[in-house]
Structures are given as C-alpha cells and as structure tokens.
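Report on the structure given below.
Laboratory data are not the source of any read-out in this text; all were calculated from the coordinates shown. Quick caveat: nothing in here was measured; it's all calculated off a predicted structure. Note that each Cβ is placed from the backbone with ideal geometry, even for glycine, and that neighbours are counted across all protein chains shown.
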Amino acid sequence: MAKTVFKNILQILIILIFNNFLAQENPGKLSENAANDTIPKRDTIAVKKEALEDVLRTKADDQRRDVPKKMTFLNKNAQVKYQDMQIDADYISIDDNKNLIYARGKQDSLGKIIEPVITTQAGKKYETDQFSYNTKTRQAIAYNARTEESQGVIIANKTKKYNDSVFAMRHALYTTDEYFLKKKDTAADYHLLASNIKLVKTKQKSQIITGPIQMYIEQVPTPLIMPFAILPFSDKRSAGILIPSFGERQDVGFFLNGLGYYQPIGEHFDLKVLADIYTKGSWNLRPEMNYVKKYRYSGNFAADIGTTVRGIKGLDNYSKSSTYRIAWRHTQDTKANPFLTFSASVDIVSNKFYNNTVNNNYIFNQNVLNTQQNSTVTVTKRFLTLPITITGTASYSQNFATGNSDLRLPQMNVAINQFYLFKSKTGVRRGLIENITVNTGFNLTNYVQTNEGELFTQAMWDKLQTGIKNNIALGTNTSFAKYFTFSLAANIDNALTTKTTRKYYDPLKNITVNEVEKGISGYSTFSTTASVQTTLYGMLKFKKGSAIEAIRHMMTPSIGFTYSPDFGGSNFGYYRNYYDANGALTPYSIFDGGIVGSPTSGMVGALGFNIGNNIEMKVRSKKDSTGIKKMKLFESLNLSGNYNFAAKTHPWSVLTVNGQSSFFNNKLSVNTSLSIDPYRIIYIPGQEAGIRTENFGHFSIQGFNVQMSYPLSNEIFGEKTDYSKKYKTKGEIRNENYYFDDDNYAHFEQAWTLNINANYAFTRTLASRTPNRIASVGLDGSIKLTPYWNINGSTHYDMITQQLAYTRIGFARDQRSFTINFNWVPFGQYKVYDFFIGIKANILSDALKYKDRSFTQPNAPF
C-alpha cells in the first residue's frame, strides 16, 4: 500500500517538473446539480472550501480514499468536475496536499494507451494520454495531447498550460486535414512539424508561434523549412508568411519563387513583400500594396525590382542586368460619383525587363512574348445640365522592339453630345432636314516619341509636339421607294500644331533632311458622302425528300459617292516641293510625321460599293423537334472597293473580301480576309520592288488570311453515362461519389477540353517581290485524369520554320487539405520548372496566402 502511494506521488512530481498544457479562457462555475451526469453516481467527495475555489465532484466504478495521505483514487469510468472543467479517464488520482489532479487513459496489456483522457473546458475538448492539473495555480501538463483550434489540430508530445491564454508545446505537429481532424483517417495527408510551439489565446484572436518548422506530406519530410511561423486563427485579416514555390531554370539555376510576408495595415490597406532567390546570384524583390474603400475606390501599387545573373563570372557567357517594373491600378466605384470618374492602369518596365525577368510567372503566362506595354491615367468630367463630356488622359506606350516610347502628356478631349440641328414639327422625325445630326468636339494632345534614356530630360521636351484637332460631323438619312435608305454625311476637320517639317536634300551627307520648324500652323479639310443601301432576299427551295430543304440568301448592297478637294494644291499651302537625290521635284506635306496628321493630296471623287451577304441553309434533321435544322454557310461575306473618277492613274482601289462563318453547331469558327489588286504588277529582274502598271484585269492576291478555332470537349462526343444505372456498387471518397464495376474499378466522368487554333497569313507589297507567310497551329487544353488530378498545357507549332514555339505543361493535384502545382516549360529561351504546395484551409488564408503569393498584373494574381 505504502509503495503504491509513494509511486503515485513520485509520478506526479515528475510530471510537474516537465511542464505543459490545457485550459481555456473565462472558466465558469460548475453547476451544483449532478443529476444530469452521464456516469452513474458512485460517490461524491465534498472538499473543504478553503482547499478549493469550488466544489469538486467525482464519479467512478471504483473509488478509494486514503484519508491520512489525503489522496483519492478513481478507477474505470472515472470522472472529475471542477469549475468549468470536466475530466473523463480510465484512472484519476487527486492529491489534496498538492492540489493536483492526475488522469491517465486506458491501457492495454503492454501499457499502451488505447483510450485517451478526455478533458472538456469552456466548451472545448482535449484528448491526452496523461494529464495533470493544479487546482491552485491552474497550470496543467499533458502528454501526447490533441488540441483542436478552429479548423486545425495540434498534437504535441508534451504540453504545458501556463494560464488560460498561454500554452507551450514540445515536438508538436499542426494540420488542417479535415479527415484527420474528424478521425476519418489515422494519418494526416500533410502536417507542419516544429520542435517548439507556443499557442496564445486572447478574446480577439488566437495564434501559433513556432521556431523552425518543416512541412511533411504523407509523413514524408519535404525541403520546405521555414525559420519561424506565425499562424493566426481569426476571421479578420492577419499577418503571415507567404509560401514560395521552388524549382530550376536553365539560365539562372535553382530558385525559391514568391517567398514573402503579408501584413494588413488598418482597415483599408494591406502589404505583401515577395522575393525570388536563385542559386546563380539572381534576385528579385516584389512589394505590393492593395487599398480599398467600400463604395468609393480600389486599387494597388506594385513593383518588380531585381538583378539577373547568367553564366559564370570571368567567362564570355557571363552577363548581369538590372530590371524594374512599376505598376499602379486604380478603379473608382460607379456609385461614388457619376459626374467625375478617375481610373489608372500604369505599367512601366525597363526595355529588357521581359527578356531578363526572374519572376517565372511572366514565363508561364507568356508575358515574356510581349512586344509592347501601355499605361493610361484617365479623368472624366460630366455635367448635369450641360451636354458636354471632358476627358483628360495621360498615356505612355513602350515598344520593346524599337526601344522607343510614345508619351502623350496630357491629352484632353471635349465631346459635345450628338444633337439634332432642327426640331421636329410633328414629334416624329421625317425627311432629310429633320434628321440632320451634329457631332463635334475638339482634342488637345501633347506628344513626343523618345527613348528610355531621354525620358523627362531637356532632349525630350525639345521634341515635344502640341496639337489641337476639331471635327464636325453632319449626317442625315431618309427612306424612299419603301425599300431604300438614302444617307448624306459631311466631315470638317480643323487642326493646329506648334511644329512643322521642312525637307531638303543634303548633297554633302547624301541624305534627305527633315528639319523641324517651330511656329503655329494649321489646316482644314472637308469631305462629303452620299450613299444608298437596301436589303434583298432570295430563297432556293429543293424537292421533297431532299436532305436540303432550302438555301436562304440575304444581300445588303450599298453604293456611295465621296468627294473631297485636292488639299495638295499650292493655293492651300499644305504641301511643298524639294529636289531629291535624283534631282526630281518631290512633293511633301509640312505636317508629315506631325501630331495632327496630314491633309490628303489629290482630288477624290470616288464611287464606292459594298456588298454584304448572309447565306443560311435549312436541312432536315430527326434530332430537332421541328424536323428542320438551320446551318450558317456564311454569317457574313463582304466585297468592297471604289473607283476614283478624279484620279489621273489607278482609279480602281484594291478590292477586299471579308468572310466569317461557323460550322458544326457553331463550334468551328472561321474568319477570312482577302486583298486583290486589279492592276498588273511587274518585277524587273534584279530589283526587289515591283511596279504597278495601268494594265487592268490582272488580278493578283496581295494579302490573304484565314483563322480557325475549334473547341473540343468530352461533352461533344457521346452521351453522358448514367453510372447509377450501369453499376450497382456505389462508394464515397472525399465527398465524391464513385460507382464500381464487378472488378471493383471506380468509374467517373473524365472531363477534358482541347482548343485548336490555326492561322495562315500571306502578304505581298510593292516594296518586295518575296511574299511573307505565317502559318501556325496552337493547342490549349486540359484533362482530369481523376477528380483530383488535372493536367493542362498549351503549345504552338510554326509550320514555316517547322519548330515548336512556346510550350507549357502543368500538373495540379488536389489533396484533401492542400494542392500541389507543377508548371514546366521544357524548351525555348526560358526552360523552367516550378513546383508549389499550398494549404487550402480558410484559417490559414492570411498566414499561408499561397493564392496571392505573386502577381502577373496587379489585381490579377497568377
């Protein structure tokens, strides 16, 4: 007997030395009424009020009291209730001298715990192998404790509760695996393992703070190790680490991409800072700040600053380049102010940014193929009583091929809403006079073309051009002879600019010089058009029994006459002459290359025509409820051209044909265009340029383009299988229903998509006898091998060079509580693979924000 008591006391002392676990905030008083206890009442021990703050109630199949030592022993179905705490265990001992309650779970014959101790406090339940609680200090120690927090669970070898707010844990794992949390599985599909974890609880929020922590997948350790982690449990935004992806890129080495930290700032802002680190020395820093004010505006600022190192230092292939990208997006809520709106889409990069970026997201989404980048800031003002809209714009356009940038700063457009010149006498507008409409306004532009080195320097300001353009458009129409529409239109353009051009040939340098002359100059032009159009219908019916019932043809022909004077005449002063290198007198416009454009030269008295066609076919179909199915042969087929009566040479223009159609239930989309020169073009041997003769009738193709796209999917082929009727056995895996055949193989829908794009283009100009051809085929698709395995990819094949262009392959695996993504560019300039693991639990949406770990465009994460 004495040995047993001594052994129990020694065991309690050892537990107290090693410290760790349990208890929640705001403990409440346990009810004095024990009538609702689930375990039949064996005994109740009322301890003196001086020893405890509340009544301690006990139950067990076997109770024993050692009065001299002030010890109580409970065996089998033991239960203790004290204040807001309830302990259920196979064995419980109570030491009144030390104010200590000790509990142990049920053991098998080898001493292994097979049923845990269940401790309930403040509505939360904890499972442990062994548990001790000091009623005076309210500190607790637990071994192999299982603590559920929000959507996750913590299992620690040893846990100590210091107070209701602080818990210290040793060798603990944390997971949000729902199946493991609900004990549907004995092992978590992933967990984070740390040697030390601190759990802090407050009324506002709870959080886990750890030292070095490592991710395990299916009990296998991964190389994802973080020096520390702060995991918040709160419905509000919380700071946290951003999980990176990792992989290898051929030109810059192994990497961690998107490692960073997220920090909310007040109610309207948040900040994340991401970093890309490469083993060959490249690095990239990506800060991004988002802001939002409800019903007012939203937007973000972002930057991409880094250094790309390629090759080995000291060798010829070594290179080091710095890159930058600055972006700003701002969107105003439509409800904020309908009369004054502001928006911004700014994206400024270094000219060689996309060629040297170490942010792999630009590779996967094909931004590295960009040849141009545009930025715009716009302010629009409307008026309640005035029919005027004023728009101010600043824009910046970068051309990476030429290295030049177009800057328009600022631009202002004043548009007057369309109005009728004359009032209607009857309330219904009839005739040409009452239908006259007027559209007018003016546009002020400051424009300069510069390069990256000259930006905002004196050299740029010297080249800056300022121009104002005004357009007045008059139009009217009426119907006559019931089926015809007659239209009249007139356009007046007025322009002013601060700079003009003077051309001359410099024999010493053997070049044509374009000299800029400062001074206000302007021009005015005028043109008018009269046109008539109608609609014609035709129907070709077939005999009964034929598969084709009828072909319907709708034609919309129109003819129009356009007139404008010869603004190249000397009386206008818009054109001058200079002697070129061959001594020939050559005309030029003083507004050539200017911001307001150039007036046309030569009189125009052209008769233009356009013939639009729509052709549909009706076929008999048993699948259609009406027995008739419509097929579009040509949604549109247009032929257009003109004949200029005032032209001295080549009165006929180039003829153009455009067509659009779709086939196979509108799945196959086809767009075509054709340009035909009606005059014969000859090429002199030894010369690349051609000569357009006056020989009419030798039609030659100058341009042809056809584009086709066809989206395929599993829904197009075959009927959907009803597995519930085909197979008898049904099962559920991860909330997905499966049907099993007699051999126990699962059957399910394997969804897939495949988009096929083809393009062929042929162009030929007078400048070159050798035509330019483009021919490519592109594939873009995905397939779900299983409900949780997805493969996607895209590729393009250049049929001219017979080489594969940009190709990307991606794999995605949806685990129970996390996702695995793998992206791979197998060849080309940027060979790279990227591997990422992201936790899906909502409780970690801030701490481990894998969905927002990086951006391709602000407000559009990759």
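General remarks:
- Helix 2-18 axis versus longest C-alpha principal axis of the chain: approximately 30°, rounded to the nearest ten.
- Cα-based reach from K618 at 30 Å (exclusive), listing lysines while leaving out same-chain residues under 8 positions away: K482, K541, K543, K544, K629, K630, K632, K667, K720
- Listed from fewest to most Cβ neighbours within 10 Å, the set M617, M554 follows the order M554, M617.
- Coil-residue chymotrypsin sites (Phe, Trp or Tyr not before Pro) of region 337-415, DSSP, other Cβ within 10 Å capped at 16: F339, F383
- Within region 737-798, the chymotrypsin sites (Phe, Trp or Tyr not before Pro) that combine a DSSP coil assignment with at most 10 other C-beta atoms in a 10 angstrom radius are Y745.
- Averaging the Cα positions of each part gives two centres, and for region 553-581 and region 654-677 these lie 30 Å apart.
- Helical mean residue ellipticity (222 nm; -39500 (n - 2.57) per DSSP H run of 4+; nearest 500) of the chain: -1000 deg cm²/dmol
- Longest site-free stretch - the chain; sites: GluC sites (Glu not before Pro), DSSP loop, at most 12 other Cβ within 10 Å: 268-687
- Three principal axis extents describe the C-alpha atoms of the chain; from largest down they are 129, 81, 71 Å.
- Hits among lysines - C-alpha to C-alpha of K69 under 18 Å, sequence gap 8 or more where chains match: K3, K7, K48, K98
- Residues K831, K81, sorted so that the one with the fewest Cβ neighbours within 10 Å comes first: K831, K81
- Sorted from greatest to least, the principal axis extents spanned by the alpha carbons of region 243-379 come out as 61, 32, 21 Å.
- Each of T656, T128, T500 has some number of other Cβ atoms within 10 Å of its Cβ, and from fewest to most they run T656, T500, T128.
- Taking 27 Å as the straight-line reach from the Cα of K518, the lysines in range (excluding those fewer than 8 positions away in the same chain) are K463, K469, K499, K503, K509.
- Long pairs among K198/K272; K125/K272; K70/K198, criterion Cα-Cα beyond 31 Å: K125/K272; K70/K198
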